[in-house]
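Right, one structure below, let's go through it.
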Amino acid sequence: MKLRPIAAIALRQLYLMRSSPVRVLPMIAWVAVDIVLWGFIARYLNSVTATGINFVASLLGAVLFWDFFTRVMQGVTMAFFEDVWSRNFINVFASPLQISEYLSGLVLTGIATSLVGLLVMLIIATVVFGLPFATLGLLLVPFLLVLFLFGIALGVLASAMVLRFGPASEWLVWPIPALLSPFAGVFYPLSTLPPWMRGIGHLLPPSYVFEAMRSFLAGRSYSVQALLAGIAMAALYVMLAAWGFAGVHRYAVRSGLLARYSAESVS
């Protein structure tokens, strides 16, 4: 695997954004709207309840982390969709580009775009709503690592799905974070879920992040072993997603699917 092809994939996305500032706006606008909306909801809850819970820290913190995960996933898929929309697959895969280099380029793009969104969210949440983000300290490292790895895994998996079933399956990608959020326990402990949903939640690495965050903010102990398990699980999902994408790519090449790729769904 060479660095120049990886950088070329990421550089292509940079050129697209530079030539069209409209592409940059969604990276900032949606996260800003989310933080402002939930920030005022958290401030309102603080004013009408006397539970002693700081909703700005617990509720707004959960929104920030979940939005970061979503941006990571969408950063990968959006870079992939650029090739879908421009029908550029023949050009890309006709070159001596390894599939690992292509995926690494998508991941690099996801890192860059998600960091921009994270910075915007941190500025708004800290300056406007006083989110005590720094109190998490070193816990930020495993928290962001789990969310980043799982976002990469889902982004690669969603890209493989669209590559296999065609652009018509693109609409299945956007609801994925919303469909997972009830099982991940973003806003409530997993103990509130029925057993079958709780079982699914334990298979989702972000659930360990939100459980640990709530315990820390409430002054209770959290499980370091559970966080390590979340990191290991997320890393495993990244490897499985990359393996799945490579398998779909091999199928697409051997079956001629890439040559027939168009705006219609392919089965």
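Where a number appears in this text, it was derived from the coordinates with a stated rule and is not lab data. It should be emphasised that the depicted structure is a prediction, and the values quoted were computed from it without experimental measurement. Backbone-built Cβ (ideal geometry, glycine too); neighbour counts: all protein chains shown.
The gain in end-to-end length when the I123 to L172 segment is fully stretched comes to 14.5 nm, 0.36 nm per residue minus the alpha carbon separation.
In terms of its Cα atoms, the chain spans 63, 41, 34 Å along the principal axes, sorted from long to short.
Per-residue ellipticity at 222 nm computed for the chain from its helices equals -24000 deg cm²/dmol, with DSSP H segments shorter than 4 residues left out and the rest contributing -39,500 (n - 2.57). Counting every other Cβ atom within 10 Å of each residue's Cβ, F93, F183, F148 order from fewest to most as F93, F183, F148.
Multiplying the sequence separation of M1 and S47 by 0.36 nm and subtracting their Cα-Cα distance, what value in nm do you get? Before the final figure, lay out the partial values.
Numbers: separation 46, 0.36 × 46 = 16.56 nm, distance 5.50 nm.
Going from the current span to full extension adds 11.1 nm.
Here the dipole of the range 3-255 is about 220 debye; that uses its Cα centre as origin and unit charges on the Cβ of Lys and Arg (positive) and Asp and Glu (negative).
Name the shape class, rounded, prolate or oblate, that the alpha-carbon gyration tensor gives for the range 1-72, where a ≥ b ≥ c are the square roots of its eigenvalues, rounded holds for a/c under 1.5, and otherwise prolate holds if a/b is larger than b/c and oblate otherwise.
Values: a/c = 7.52, a/b = 2.55, b/c = 2.94.
In terms of gyration-tensor shape, oblate.
Taking 8 Å as the Cα distance limit and 6 or more residues as the minimum spacing, I'd like the relative contact order of the range 100-242 as a percentage.
Working: 101 pairs, mean separation 43.2, N = 143.
The value is 30 percent.
Give the shape of the range 174-232 as rounded, prolate or oblate, defined through the alpha-carbon gyration tensor: a ≥ b ≥ c are the square roots of its eigenvalues, a/c under 1.5 means rounded, and otherwise the shape is prolate if a/b is larger than b/c and oblate if not. Prolate, because a/c is 1.5 or more and a/b exceeds b/c.
Relative contact order, whole percent, for the range 3-255 stands at 24, derived from Cα pairs under 8 Å and 6 or more residues apart. Relative to the longest principal axis of the Cα atoms of the chain, the long axis of helix 224-255 makes an angle of roughly 20 degrees.
For the chain, the longest stretch holding no trypsin sites (Lys or Arg not before Pro) located in a DSSP loop with at most 15 other Cβ atoms within 10 Å is which? After excluding every exposed loop site, the longest remaining stretch is 88-219.
For a footprinting-style exposure proxy, rank W171, W85 by other Cβ within 10 Å, fewest first.
Working: W171 9, W85 12.
Arranged by neighbour count, lowest to highest, W171, W85 become W171, W85.
What ratio of Cα Rg to 2.2 N^0.38 Å holds for the range 43-123?
The value comes to 1.63.
Set the Förster distance to 35 Å, then compute FRET efficiency between N91 and L236 from the Cβ-Cβ distance, nearest 0.05. It comes out at approximately 0.60.
Panel values: the range 3-148, Kirkwood radius from alpha carbon pairs, Stokes-Einstein at 37 °C and 0.692 mPa s, translational diffusion coefficient 195 µm²/s.
Once backbone amide H atoms are built at 1.01 Å from N, G130 has no partners under 5 Å, excluding neighbours fewer than 5 places away on the same chain. Whole-Hz Karplus values for the range 143-158 come out as 4, 5, 5, 4, 5, 5, 5, 5, x, 4, 4, 5, x, 5, 5, 5 Hz, taken residue by residue from phi with 6.51 cos²θ - 1.76 cosθ + 1.60 and θ = phi - 60°; glycine and proline positions read x.
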